[in-house]
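Chemist: First, the structure itself, so that you have it in front of you.
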Amino acid sequence: MSTHLIDGLGRRISDLRISVTDRCNFRCFYCKSADPMNYSGHDAMSLEEIARLARIFASLGIEKIRLTGGEPLLRSGIEKLVAEIAAIPGVRDVALTTNGWLLPEKAQALADAGLDRVNISMDAVDRAKFTEITRTPDAYDKVIAGIAAARRAGLEPIKVNAVLVRGMNDDQVEDFATFAREHQVIVRFIEFMPLDADRHWTRDLVVTAEETRRRIHAVYPLEDFTRDTPSETARKYRFADGHGEIGLVAPVSLPFCGACSRIRMTSDAKIRTCLFSTRDHDLRPLFDRGASDAEIAQFIRDLTLHKEPRHHINDPDFVPANRSMVFIGG
Ligand code: SAM
Ligand code: SF4
């Protein structure tokens, strides 16, 4: 039997995202983790369970693991978990997506534990707008300090995730490009997806990757250097004058489902085969009855066969479902 995890369409699944908590200390206006009402809490996986699952997934050929949330740095023992995952044979990339708040305290310990790199989320470079979006006073300086701490710890390249929402922060595009150049970070512009907490998503709110590219190119000429490797989700552009690069992630206007290599774990032990899945696969009953690693691996193989062929955002009759959006990661 192949050691690779293959879905029903023959896509090789090599990339696992694990939500280690659904809690967060920010209150980003579009995010489900912003509201304690949405926390599942008591069902959260233990760190031992997460590490065990990571090993089982690695035995199935998972090579890249990203920790996310909620805010993953709120999970106590995160450094130990990173160390355990980084030590798993076959795992060649351990990354983390964070709001950056705790990086000044934790970046060095995470790097020492074996973390390869971080994505830091920032939806505005303007301080007042950042505060409006995150609804978290005093966060801006902490996140900027977090970027500096990640750099000092060698967690590079540092990627900054910016989700653009029309009418909220689409005026930040050019300033983000300047920020990328001045702070030597790769800003990745992510199209707003219909996963928001209040289901306010409409197509009109999406700022397409092409619009973003055009606007930046008008100020700082760009050169496309995307490597067209399967499952590469971002289109990559470098500034023609050599001062850095940006990425454009276009799940809405240029879906990459055909090359999707991802699978996700929620913090309460459920496997989600697509961001837009309407059904999760609960591992809790297997844990509770003492299932062996081999049984859990077989369960994962079987459910992966039914991974969704694609999302349906672009279907004329698409209706956003009431799903959390905690696993985008980047
Ligand atoms: N708290 C961490 C953070 O903010 O980076 C990790 C979890 S957060 C949910 C992961 C990423 O998903 C963030 O960059 C966030 O902006 C992005 N995201 C959340 N909702 C989104 C949506 N509806 N469309 C696109 N990206 C979204
Ligand atoms: Fe927290 Fe990240 Fe959600 Fe913002 S996007 S509320 S930082 S989990």
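Chemist: Tell me, which residue of segment 226-248 that is under 18 Å from the mean Cα position of the chain (by Cα) and modelled with pLDDT of 95 or more is nearest to V163 (Cα to Cα)?
Modeler: L248
Chemist: Which ones in segment 60-109 are over 12 Å from S19 (Cβ atoms) and of a type in the set (K, R)?
Modeler: If the condition is that a residue be over 12 Å from S19 (Cβ atoms) and of a type in the set (K, R), then K64, K80, R92, K106 are the ones that fit.
Chemist: Residues in segment 19-37: is at least one within 16 Å of ligand 2 (Cβ to nearest atom), of a type in the set (V, I, T) and crowded, with 16+ Cβ neighbours inside 10 Å?
Modeler: Yes - at least one qualifying residue is present in segment 19-37.
Chemist: So, R117, is that one basic (K, R), within 16 Å of ligand 1 (Cβ to nearest atom) and at pLDDT 95 or above or not? Give the derivation first.
Modeler: Working: basic (K, R): yes; within 16 Å of ligand 1 (Cβ to nearest atom): yes; at pLDDT 95 or above: yes.
Judged against the criteria, R117 is a match.
Chemist: Only one of K159, K142 is within 16 Å of ligand 1 (Cβ to nearest atom) and either within 25 Å of L195 (Cα to Cα) or aliphatic (A, V, I, L, M) (or both); which?
Modeler: Exactly one residue qualifies, and that residue is K159.
Chemist: Please identify the pairs in which a residue from segment 56-79 that is under 25 Å from C31 (Cβ atoms) and at pLDDT 95 or above has its Cβ atom under 6 Å from the Cβ atom of a residue that is small (G, A, S) and within 12 Å of ligand 2 (Cβ to nearest atom), counting only partners at least 6 apart or on another chain.
Modeler: R66/G329; T68/S19; T68/G329
Chemist: Give the residues of segment 45-74 that are buried (at least 20 other Cβ atoms within 10 Å of the Cβ) and within 15 Å of ligand 1 (Cβ to nearest atom), sorted by residue number.
Modeler: Across segment 45-74, the qualifying residues are I65, R66, L67, T68, G69, G70, E71, P72, L73.
The values are calculated or read from the model by the stated rules, or taken from the named source; none is laboratory data. Please read all numbers here as calculations on a predicted model, not as lab measurements. Reconstructed Cβ throughout: ideal geometry from the backbone, glycine too, with neighbour counts over all protein chains shown.
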